[in-house]
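Scroll down for the structure; my scribbles are underneath it.
Bear in mind that the values in this text are calculations on the coordinates, not laboratory data. Note that the coordinates shown come from a computational prediction; the quantities given were computed from them, not determined experimentally. Note: ideal-geometry Cβ built from the backbone for every residue, glycine included; neighbour counts use all protein chains shown.
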Amino acid sequence: MTLAIIFTSFSCKSSKSQKAIAKDNLEATPTKLTSSARDNANSNSVDIPPRPTTTSRQEILRANAHKIPVIDKPSGIVQSGENYYETVEFPAVPPGGLDGWMQYLSSNLNYPELAMKNKISGTVIAMFIVTKDGSISDVEILRGIGGGCDEETVRVIKNSPTWTAGKLKSGEAVNTRMRLPVRFN
């Protein structure tokens, strides 16, 4: 059984104050729809499409397993023949943290003259390995902008002070691959 509540408002000219009229309107009693009014309301209603079937959490995880990063599993092998990890529980950290790294870059990174002369600017993306002992190895450029900026980025990364190595959940220090954007503008 469907129950619809209808509030009515009255407009009349009387000596009652506006507050009294508003109070009367609020006290109006709800009325039930007659069967003909209910049928009319149903015939003008919008059809609601059925709800799509939901997939379980397990099905979603199974379908997207290749997209989820796996922590503490080797991602590849470095030039020395050892495993490296891209995602670890405790990532590698430069000395002084992010603030220390930004300070190091600002004091050691030089804008190459060729890039300045040719008005070259942009972001160089470098990739490197922080080894178990915190040293830097296998520095390479993923995306360069030329004009000497790529070489300057490699130089600054190779000469950086010793980092704190990345660690697995067990606390074991491991080789960790890092990506670093360096902006020249």
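Put in line by how crowded their Cβ is, counting other Cβ atoms within 10 Å and starting with the fewest, Met116, Met127 read Met116, Met127. Once the Cβ-Cβ distance of Asn108 and Ser56 is raised to the sixth power relative to R0 = 45 Å, the FRET efficiency obtained is 0.30. Take the convex hull of the alpha carbons in the range 93-185; its mean projected area over all directions comes to 5.8 nm². Put in line by how crowded their Cβ is, counting other Cβ atoms within 10 Å and starting with the fewest, Ser170, Ser135 read Ser170, Ser135.
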